[in-house]
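Here the structure comes first, spelled out in structure tokens, and everything after it is commentary.
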Amino acid sequence: MATEIPFRRDIDIDYGAVATLTPLIRRVVARNPSPFTFKGTGTYIVGHGQVAVIDPGPDIAAHIDALLAALGAETVTHILITHTHLDHSPAAAAIKQATGAKTYGFGPHGSGRAEDRSGVGGVTEEGGDHAFTPDIVMRDGDAVEGPGWRLAAVHTPGHTSNHLCFALPEEHTLFSGDHVMGWSTSVIAPPDGDMAAYMRSLDKLLGRDDRVYWPTHGPSIPDPKPFVRAFIAHRHERAQAILDRLAQGDEAIPAIVARVYVGLDPRLKGAAARSVLAHLVELVESGTVACEGPPTLDARYRLKR
Ligand SMILES: [Zn+2]
């Protein structure tokens with residue numbers, strides 16, 4: 001039986017307004033709703049007086065204005081970036097210019113990638129913010145702090161190779177970016193997305209004791225470990241479904257997508273194809289599946305005997 005992930009999609013957003021979520025956390029949501037961003041990008045403000053901003057968001061003037069209005073006379077000491085997708089990092093430039101704060105992140109888009117094992121190649125990936133480079137590089141365990149708060153980086157590659165979550169120990173909270181979201185699974189799209197890395201990064205969260213996650217899109221995730229376990233089970237089931245299709249004689253990704261993602265929103269077809277590719281890259285590497293040449297969206301696949 002398929003694992004049910006307990007998604008929550010029942011949230012109302014007041015675009016342009018700042019919402020107080022916890023004693024230390026506030027959020028302004030950008031008006032960029034889509035099948036990939038749910039209601040939009042949530043930009044977090046952590047602390048009071050001297051604050052950090054996490055994921056300034058897309059380059060939308062109304063969002064930048066709303067964020068600066070929410071900050072008022074407070075001082076931004078750090079601008080933290082979970083990863084370099086266009087709905088997360090582009091507004092960092094404007095917030096930096098307005099506040100003088102430095103930007104912090106793992107590195108430019110693609111910087112966490114050891115090599116392109118997918119054969120997709122290139123830096124042409126839609127959705128990547130290739131203009132962003134952090135002023136200060138953060139690695140796993142690196143932390144920044146202000147009065148009453150501390151934010152520690154947790155490197156969680158998979159959705160992108162440079163993805164960081166940020167732990168706020170004062171509230172036993174993890175800002176989980178797009179690694180773990182409350183409303184949907186994450187898109188794992190090669191070449192920068194990596195299924196094996198994503199699964200390791202889910203396991204990594206199971207070794208932590210955060211009590212609540214605040215993702216960049218959607219509602220908070222209380223009691224996150226069962227949620228993370230459901231994601232892991234879901235991916236194992238999807239890998240098995242792909243193997244079943246190969247066993248039935250399907251060889252091409254579009255045919256597999258049509259059978260495995262029944263009832264899919266047509267706007268998500270491309271993302272689904274890349275997710276299947278991400279699984280196939282892993283299955284080719286592990287020696288379960290064969291492919292002539294590098295695994296790409298157009299390649300033909302078969303089960304190894
Ligand atoms: Zn993303």
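Values quoted throughout were computed directly from the atomic coordinates according to the rules given, and no laboratory measurement underlies them. None of the values given here were measured: they were computed from a predicted structure. Ideal geometry is used to build each Cβ from the backbone, glycine not excepted, and the neighbour counts take in all protein chains shown.
Taking label points 7 Å from Cα along the Cα-to-Cβ direction, GLN50 and ALA290 give a separation of 6.3 nm.
Under the membrane-span-like helix rule (DSSP H runs whose alpha carbons stretch at least 18 Å along the helix axis, mean Kyte-Doolittle hydropathy 0.5 or higher), the chain yields 269-285.
What FRET efficiency comes out for HIS172 versus ARG229 if R0 is 25 angstrom and r is the Cβ-Cβ distance? Round to the nearest 0.05. Calculated transfer efficiency: 0.85.
Listed by chain and number, the aspartates and glutamates placed with their C-alpha closer than 16 angstrom to that of LYS102 are ASP55, GLU74, ASP135, ASP142, GLU145; residues fewer than eight positions away on the same chain are left out. Think of the chain as having a plus end and a minus end, set by charges on the Cβ of Lys, Arg, Asp and Glu; of TYR261, VAL76, LEU303, LEU303 sits farthest toward the positive end of this dipole. Once you've got the Cα coordinates, tell me which of LYS225/LYS304; LYS204/LYS304; LYS39/LYS96 are over 28 Å apart. Long pairs (Cα-Cα over 28 Å): LYS225/LYS304; LYS204/LYS304. Estimated translational diffusion coefficient (Stokes-Einstein, Kirkwood radius over Cα pairs, 25 °C, 0.890 mPa s) of the range 147-191: 214 µm² per second. Model label points for ARG305 and HIS130, set 7 angstrom from Cα along the Cα-to-Cβ axis, are 4.4 nm apart.
Only Cα pairs under 8 Å and 6+ residues apart enter the sum, and on that basis the relative contact order of the range 197-280 stands at 19 percent.
Considering only alpha-carbon pairs that sit under 8 angstrom and 6 or more positions apart, the relative contact order computed for the range 166-305 is 23 percent.
222 nm [θ] for the chain, helices only, -39500 (n - 2.57) per DSSP H run of 4+, per residue, to 500?
Numbers: 6 runs with 80 residues, N = 305.
Estimated from H runs of four or more residues: -8500 deg cm²/dmol.
Given R0 = 22 Å, the distance between the Cβ atoms of ARG211 and ASP12 translates into a calculated FRET efficiency of 0.35. Taking label positions 7 Å along the Cα-Cβ direction at both LEU68 and ALA2, the computed distance is 4.6 nm, reported to one decimal. From least to most packed, judged by other beta carbons within 10 angstrom and beginning with the fewest, ASP209, ASP194 follow the order ASP209, ASP194. Summary value for the chain: 15 percent relative contact order, contacts being C-alpha pairs under 8 angstrom separated by 6+ residues. Per residue, the convex hull spanned by the Cα atoms of the chain measures out at 125 cubic angstrom.
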